[in-house]
Structure formats: C-alpha cells, structure tokens
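Have a look at the structure below before the remarks.
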Amino acid sequence: MFAGRLLARVSRQKARLATIGSWPMPQELAGHVISTRTPASGSRSIQIAECSASRRFFSSQIETESTLDAATYERVCSDTLDALCDYFEELTENASELQGTDVAYGDGVLTVNLGGKHGTYVINRQTPNKQIWLSSPTSGPKRFDFVGTVAAGRWIYKHSGQSLHELLQEEIPGILKAQSVDFLHLPYCS
C-alpha cells in the first residue's frame with residue numbers, strides 16, 4: 001500500500017516535470033508511459049501505466065522474493081517445521097524448570113507452549129505467500145521468506161535481515177536457562 005502511494009506521488013511529480021519539458025525519460029519507464037495532449041491548452045501530460053510491484057525503494061530493504069516452486073516450498077517448509085518441532089520437544093522434555101509445557105504440530109502449525117510465565121510460540125506455514133510466520137510472546141509477529149538455494153538457504157525476516165533460527169536462538173536460551181540451546185544446527189539456517 002505504501003509502495004502504491006509512493007509510485008502515485010512519483011508519477012504525479014514526473015508528469016508535472018514532463019509537462020514543462022525538463023524531465024528526461026528513464027529507459028526502464030519507456031515501455032510504461034502514456035503521453036497525452038490536452039486539447040484545450042495543448043499541454044502534454046505523461047502517465048505511468050504500470051510499474052513493477054517488486055521494486056525496491058530503499059537500500060535497507062532486502063530482496064526476498066522466493067524463487068521456490070510450490071513443491072520445493074512445501075518440502076523446505078515441512079523440513080523446517082519438522083526439525084523445529086523435534087528440537088522443541090527435546091528442549092521441553094529436558095526443561096524441569098518449566099511447568100505446563102506442550103509442543104503440538106499439525107496442519108502446518110507448530111505451537112510451543114512454554115507455560116504461563118513465558119507464553120506460546122506459534123510457527124506456521126503461509127503457502128500463498130511462500131512464507132513461514134512466527135508469533136512470539138517476546139518479539140511479536142514476524143513473516144519469514146526463504147532466501148537462497150535449497151542447498152544453502154534460510155528463512156529471513158526482510159525488515160531486519162535476521163533469520164528465523166537466529167531469532168529463536170536469541171529468545172529461547174533466556175527461557176531455558178538450565179540447558180544449552182542451539183537452533184543454528186537445524187536445516188535451512190545457513
């Protein structure tokens with residue numbers, strides 16, 4: 001939505017500049033420009049017909065478009081969630097200091113209840129977006145995109161560049177103080 005408003009604003013500014021003839025046309029816009037002449041005044045106006053929605057507007061944004069096909073996404077996502085489920089089960093079984101813990105995984109949703117004091121982590125697949133979503137009681141909601149190749153890829157939060165496994169590695173050791181925690185050995189955290 002912000003990108004759409006920004007494109008509209010840029011389009012209006014470029015149209016104003018083009019009307020007075022001081023704006024040279026960038027090559028990448030040449031195929032997307034509609035030039036019209038107003039009959040009453042004879043002035044020209046330029047409109048940008050379409051622009052790419054995947055364009056970066058700020059250098060701090062990370063390219064996160066997934067190049068995975070649907071079947072590969074499903075496999076990578078399942079491998080990631082299965083590994084996280086197994087590791088969380090191992091961690092909570094050995095966490096004698098936590099009361100009321102529970103790990104459940106089904107239908108692409110991993111729910112890790114770490115007791116009333118620490119809250120519940122929910123990690124689930126978002127197939128239409130090819131993402132994994134995390135709801136953390138510590139850091140809130142985040143959406144992770146798969147970046148890289150299947151052999152050397154990871155799930156990245158595009159606003160910070162932090163991976164899903166790095167975030168869990170930051171938060172979970174503070175809860176499970178009595179044991180060593182290493183999420184960075186799991187699949188797709190390279």
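The values are calculated or read from the model by the stated rules, or taken from the named source; none is laboratory data. As the structure is a prediction and not an experimental result, all values here were calculated from the model. FYI the Cβ positions are ideal-geometry reconstructions off the backbone, even for glycines, and counts take in every protein chain you see. Keep in mind that these areas ignore ligands, DNA and RNA; they rest on the heavy atoms of the full protein, side chains included. Shrake-Rupley method; radii C 1.70, N 1.55, O 1.52, S 1.80 Å.
Does Ala104 count as more than 21 Å from the chain's Cα centre (by Cα) and not acidic (Asp, Glu)? Answer is yes for this residue. Applying a threshold of 6 Å to beta carbon distances and a minimum spacing of six or more residues, or different chains, the list of pairs starting in the range 65-91 at a residue that is without any contact (Cβ under 8 Å) to a residue 40 or more places away in the chain and ending at one that is open to solvent by 20 Å² or more (accessible area, probe 1.4 Å) and not in a helix (DSSP H, G or I) reads Cys85/Tyr105; Phe88/Val103; Glu89/Val103.
If you go through the range 150-165 and keep only what is among the β-branched types (Val, Ile, Thr) and at pLDDT 95 or above, you end up with just Ile156.
Among residues of the range 76-103 being of a type in the set (Gly, Ala, Ser) and surrounded by 13 or more Cβ atoms within 10 Å (Cβ to Cβ), the one that is modelled with the lowest pLDDT is Ala95. Confirm whether Ser78 is assigned to a loop (DSSP other than H, G, I, E, B) and of a type in the set (Ser, Thr, Tyr). Considered against the rule, which asks whether it is assigned to a loop (DSSP other than H, G, I, E, B) and of a type in the set (Ser, Thr, Tyr), Ser78 comes out as no. Return a yes/no flag: does the range 166-188 have any residue that is surrounded by 14 or more Cβ atoms within 10 Å (Cβ to Cβ), at pLDDT below 95 and assigned to a strand (DSSP E or B). Within the range 166-188 (the criterion being surrounded by 14 or more Cβ atoms within 10 Å (Cβ to Cβ), at pLDDT below 95 and assigned to a strand (DSSP E or B)), the answer is no, since none of the residues qualifies.
Taken together, the residues in the range 103-153 that are touching a Ser or Thr at 6+ places or on another chain (Cβ under 7 Å) and acidic (Asp, Glu) amount to 1.
When you look at Val109, is it at pLDDT 95 or above and crowded, with 20+ Cβ neighbours inside 10 Å, yes or no? No; evaluated as a whole, the condition is false for this residue. Evaluate the following for Leu114: is it at pLDDT below 95, closer than 25 Å to Arg154 by Cβ and either open to solvent by less than 50 Å² (accessible area, probe 1.4 Å) or not charged (D, E, K, R) (or both)? Considered against the rule, which asks whether it is at pLDDT below 95, closer than 25 Å to Arg154 by Cβ and either open to solvent by less than 50 Å² (accessible area, probe 1.4 Å) or not charged (D, E, K, R) (or both), Leu114 comes out as yes.
Does Ala70 satisfy the condition of being among the small types (Gly, Ala, Ser), modelled with pLDDT of 85 or more and open to solvent by less than 80 Å² (accessible area, probe 1.4 Å)? Full working, then the answer.
Details: among the small types (Gly, Ala, Ser): yes; modelled with pLDDT of 85 or more: yes; open to solvent by less than 80 Å² (accessible area, probe 1.4 Å): yes.
It is true that Ala70 is among the small types (Gly, Ala, Ser), modelled with pLDDT of 85 or more and open to solvent by less than 80 Å² (accessible area, probe 1.4 Å).
Taking the range 95-119 as the region of interest, how many residues are free of Cβ contacts under 8 Å to residues at least 40 places away in the same chain and either among the hydrophobic types (A, V, I, L, M, F, W, C) or assigned to a strand (DSSP E or B) (or both)? Going through the range 95-119 one residue at a time, the tally reaches 11.
Identify, please: which residue in the range 131-165 is part of a strand (DSSP E or B), of a type in the set (Gly, Ala, Ser) and open to solvent by 30 Å² or more (accessible area, probe 1.4 Å) and is, among those, farthest from Cys77 (Cα to Cα)?
As a first pass, look at the range 131-165 and keep what is part of a strand (DSSP E or B): 131-136, 140-148, 153-157, 163.
Filter once more, keeping what is of a type in the set (Gly, Ala, Ser): 135-136, 140, 148, 153, 163.
Subsequent filtering for residues that are open to solvent by 30 Å² or more (accessible area, probe 1.4 Å) retains 135, 148.
Details: Ser135: 16, Gly148: 14 Å.
Out of the qualifying residues, it is Ser135.
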